[in-house]
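Report on one structure; see the data block that follows.
The values are calculated or read from the model by the stated rules, or taken from the named source; none is laboratory data. In this text, all values refer to a predicted model and were calculated from it rather than measured experimentally. Here Cβ is always computed from backbone atoms with ideal geometry, including for glycine, and neighbour counts include all displayed protein chains.
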Amino acid sequence: MLTPMDQEPPFSNRTSTSSVASHSAIPNPFNLPPYTGPALTPWQYEAFCRHVLSREYRVPLRDIKTGYLESPSKTRHQIDLYWTRHDGVCNFLCFANAKFLKDNIHLTEVVTLLGVQRDIRAHKAMLITNTGYSQNAVCLAQENGIALLIVRPALDFDVTLLPKSAAPVVAQALEKIAAGLPCVYHLNIVHRGFALRPGSGQAPDSAFSAQPSAFSRPTVPQSAFSNQHSAIPTRPPSNKMIPTPARPPRAPGPFGVRRK
């Protein structure tokens, strides 16, 4: 699970950092060498990203789905990975786009992701790649709360053990292999868009953002009228009737005082 900035999950062979990428360190914020590992099929890389999301965000694998989501305008969007979280009151839709590339992700990919997010009414969006992100892509993601991750297979992981078939078959094989290893991936967090509180079934908090998160439960202010122990003094109830003020006498007109 992505923990607050002063903590890290207990994955010893994970490559990560607790600081958000600075503009001076872009496009390679962690001084990562270019990816020279084995090539993965889209299904294999999607299975890797599903495994990372399940481990880091404590989301059950069965809850991370792949398929099409329909917008209110009946437009269908193919989503690599999406899941729903809840805080006990509301449900929140999160989705991720996994891209195994040879070059960094640029501004156009982030713009496309934002358009899909607004169209399907998703609350949080994420980009995952094996390479890196350009400066413009990172700046736009930071302005819009988009999470940016770099996910690579671990150096000692044999990718040839994964079948080159559909995503469910690859995901099942990956979970069997990962059960006997400490960690099968390396993770670098370029921008922390959101995080989940410890434990499954809970919504993200605002530990990685200076702004209040849409997932955090709002604080309801205590009203002086509803709080019996409020410091604001209130007037004690009284049973006395308030006297009606006396009517001032009528001034005489030109024809004298009019009698009723």
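Looking for whichever is over 24 Å from ALA39 (Cα atoms), touching a residue at least 12 places away in the same chain (Cβ under 8 Å) and under 18 Å from the mean Cα position of the chain (by Cα) here; the options are ALA96, ALA122. Which one fits?
ALA122
With respect to (1) at pLDDT 50 or above; (2) loosely packed, with under 15 Cβ neighbours inside 10 Å; (3) farther than 19 Å from VAL190 by Cβ, the lone exception for SER54 is condition (2). The residues of segment 58-110 that are more than 26 Å from VAL190 (Cβ to Cβ) and among the aliphatic types (A, V, I, L, M) amount to a single one, VAL89. If you take the residues in segment 141-155 that are in contact (Cβ under 8 Å) with a residue 24 or more places away in the chain and not in a strand (DSSP E or B), which one is surrounded by the most Cβ atoms within 10 Å (Cβ to Cβ)? Here the answer is ALA141. Residues that are under 30 Å from ALA154 (Cβ atoms), part of a strand (DSSP E or B) and in contact with a Phe, Trp or Tyr (Cβ under 7 Å, 6 or more places away or on another chain) within segment 85-125 comprise ARG85, CYS94, PHE95, ALA98, ILE105, LYS124, ALA125, listed in sequence order.
Residues considered: VAL59, VAL20. Of these, the only one that is modelled with pLDDT under 90, part of a loop (DSSP other than H, G, I, E, B) and under 22 Å from the mean Cα position of the chain (by Cα) is VAL20. Being in contact (Cβ under 8 Å) with a residue 24 or more places away in the chain and under 21 Å from the mean Cα position of the chain (by Cα): is that true of LEU101 here? Taking the combined requirement at face value, the residue does not satisfy it. Evaluation of PRO168 against the conditions (1) outside any loop (DSSP other than H, G, I, E, B); (2) within 19 Å of TYR45 (Cβ to Cβ); (3) at pLDDT 90 or above; (4) in contact with a Ser or Thr (Cβ under 9 Å, 6 or more places away or on another chain) shows that the sole unmet condition is (3). Selection of segment 84-100 for residues being modelled with pLDDT of 95 or more and over 11 Å from HIS123 (Cβ atoms) yields ALA96, ASN97, ALA98, LYS99, PHE100.
For segment 38-61, the criterion of a residue being over 19 Å from ILE177 (Cβ atoms) and acidic (Asp, Glu) is satisfied by no position.
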